Ligand SMILES: *Cc1c(COP(=O)(O)O)cnc(C)c1O
């Protein structure tokens with residue numbers, strides 16, 4: 001029996017381990033120079049002016065909503081096909097998430113439906129680059145400009161992707177971009193996240209919120225400083241910091257990003273070719289003018305037409321050593337969102353997508369033979 005293929009996994013080498021060990025032998029376990037260096041690396045790789053590291057992608061989103069000054073009077077638009085953190089961050093600051101359905105082709109937020117959802121309380125849009133496919137950022141940013149809205153893009157899946165020739169995170173089409181360094185994402189710090197931005201004020205607000213809302217900056221103190229111990233908490237922040245131990249792993253991993261993303265694209269191209277003749281299995285579509293980062297490889301399977309349930313297909317694949325997952329249970333299906341009057345059926349394109357989606361193994365250490373094995377197993381299990 002060959003090894004089990006999960007739907008995604010990290011790739012850690014001895015040099016990553018050595019980089020972490022070196023920090024453990026040094027003076028700074030947290031709030032030291034490795035976090036600064038990691039932030040500089042992220043900024044360079046995304047062509048952003050600034051990057052601010054966080055304890056995870058969710059705290060990064062929370063801080064970004066706070067940095068935008070969002071509160072109970074405000075609404076923020078996002079997509080139902082995402083991890084719930086993309087909508088939860090709006091609730092953390094007391095604001096209200098509003099969902100706009102996806103477009104069928106690439107399962108990202110549908111710009112054609114966006115404008116109708118914008119009202120007097122709308123302040124921001126959180127597009128999600130689902131699976132690593134950049135959302136239609138040029139159209140979304142044009143709409144945001146017309147209505148004076150901020151854009152915070154959720155790029156947890158999209159480190160290494162480009163849109164209109166610019167890296168995701170560059171700030172060309174958004175005010176802030178969030179990345180996650182959870183082990184299943186492109187590069188990992190165990191837990192970790194970051195926001196990139198070109199706006200110095202937003203950068204400062206993110207840093208302040210990340211560390212309790214406490215500052216020593218003489219320009220921001222309310223009282224004159226009585227001595228070198230003095231600091232002030234000027235707003236209610238959190239401890240959302242990343243450690244130097246994690247940043248060391250992140251720096252080492254970022255050095256491999258280009259190779260990891262290139263390999264993900266090769267795997268995707270191989271899957272695409274192998275699925276071409278297969279009836280009832282359709283890779284999720286791609287958008288023009290973008291380079292996909294393939295965090296996930298998602299296919300749509302006509303389970304109803306093929307007379308198979310998704311659960312039985314997943315179980316049969318697991319018996320053949322192949323892990324799969326469904327990304328995601330839509331935001332509007334979760335009981336924690338039921339009080340908004342949403343439920344299954346509220347967003348029909350997203351619901352149709354959810355009924356057919358399956359994420360199959362995609363990680364850079366996969367061999368070509370692994371890809372072939374996944375496709376043959378799926379064809380066998382589906383009987384197509
Ligand atoms: C992973 C993920 C997040 C949250 O990141 P964490 O680092 O796990 O907190 C947010 N949005 C999406 C789409 C994600 O996939």
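Here are the numbers for this structure:
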| item | result |
| --- | --- |
| Some residue of the stretch 126-134 being over 12 Å from the mean Cα position of the chain (by Cα) and in contact (Cβ under 8 Å) with a residue 24 or more places away in the chain | no |
| Selection from the stretch 22-64 of residues that are assigned to a loop (DSSP other than H, G, I, E, B) and either under 26 Å from residue 95 (Cβ atoms) or within 16 Å of the ligand (Cβ to nearest atom) (or both) | 48, 55, 56 |
| Which numbered condition residue 91 fails, given (1) within 15 Å of the ligand (Cβ to nearest atom); (2) in contact (Cβ under 8 Å) with a residue 12 or more places away in the chain; (3) assigned to a helix (DSSP H, G or I) | (2) |
| Only listed residue being surrounded by 17 or more Cβ atoms within 10 Å (Cβ to Cβ) and either assigned to a loop (DSSP other than H, G, I, E, B) or in contact with a strand residue (DSSP E or B) (Cβ under 8 Å, 6 or more places away or on another chain) (or both), chosen from 261, 278, 298 | 298 |
| Test: residue 173 is assigned to a loop (DSSP other than H, G, I, E, B), in contact with a helix residue (DSSP H, G or I) (Cβ under 8 Å, 6 or more places away or on another chain) and at pLDDT 95 or above | yes |
| Any chance residue 27 is out of contact with any strand residue (DSSP E or B) (no Cβ under 8 Å at 6 or more places or on another chain) and modelled with pLDDT of 95 or more | yes |
| Residue within the stretch 278-286 that is within 16 Å of the ligand (Cβ to nearest atom) and either touching a residue at least 24 places away in the same chain (Cβ under 8 Å) or in the same structural domain as residue 161 (by TED's automatic domain parsing) (or both) present | yes |
| Tabulated pairs, the stretch 315-328, first under 16 Å from residue 363 (Cβ atoms), second in a helix (DSSP H, G or I) and within 16 Å of the ligand (Cβ to nearest atom), C-beta under 9 angstrom, 6+ apart or interchain | 327/130; 327/131 |
| Any hit, the stretch 81-90, residues being on the phi > 0 side of the Ramachandran plot, modelled with pLDDT of 95 or more and out of contact with any helix residue (DSSP H, G or I) (no Cβ under 6 Å at 6 or more places or on another chain) | no |
| Counted residues, the stretch 65-78 - those being more than 17 Å from residue 197 (Cα to Cα) and either within 11 Å of the ligand (Cβ to nearest atom) or assigned to a helix (DSSP H, G or I) (or both) | 1 |
| Per-region count, the stretch 328-363, residues within 16 Å of the ligand (Cβ to nearest atom), touching a helix residue (DSSP H, G or I) at 6+ places or on another chain (Cβ under 7 Å) and closer than 29 Å to residue 267 by Cβ | 3 |
| Test: residue 169 is outside the structural domain of residue 287 (by TED's automatic domain parsing) and either near the ligand (Cβ under 10 Å from one of its atoms) or more than 12 Å from the chain's Cα centre (by Cα) (or both) | no |
| Identity of the residue in the stretch 145-159, more than 16 Å from residue 8 (Cβ to Cβ) and outside any helix (DSSP H, G or I), that ends up farthest from the ligand (Cβ to nearest atom) | 148 |
| Residue count, the stretch 90-102 (criterion: under 20 Å from the mean Cα position of the chain (by Cα) and buried (at least 19 other Cβ atoms within 10 Å of the Cβ)) | 7 |
| Positions within the stretch 172-194 being within 14 Å of the ligand (Cβ to nearest atom), more than 11 Å from the chain's Cα centre (by Cα) and closer than 14 Å to residue 47 by Cα, in sequence order | 176 |
| Residue in the stretch 113-129 that is buried (at least 19 other Cβ atoms within 10 Å of the Cβ), closer than 26 Å to residue 241 by Cβ and more than 14 Å from the ligand (Cβ to nearest atom) present | yes |
| Selection count where residues are more than 15 Å from residue 66 (Cβ to Cβ) and either crowded, with 17+ Cβ neighbours inside 10 Å or over 35 Å from the mean Cα position of the chain (by Cα) (or both), scope the stretch 222-240 | 9 |
| Positions within the stretch 195-222 being within 16 Å of the ligand (Cβ to nearest atom) and more than 12 Å from residue 241 (Cβ to Cβ), in sequence order | 195, 196 |
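The values are calculated or read from the model by the stated rules, or taken from the named source; none is laboratory data. None of these values were measured; they are calculated from a predicted model. Virtual Cβ from ideal backbone geometry, glycine too; neighbours counted across all protein chains shown.
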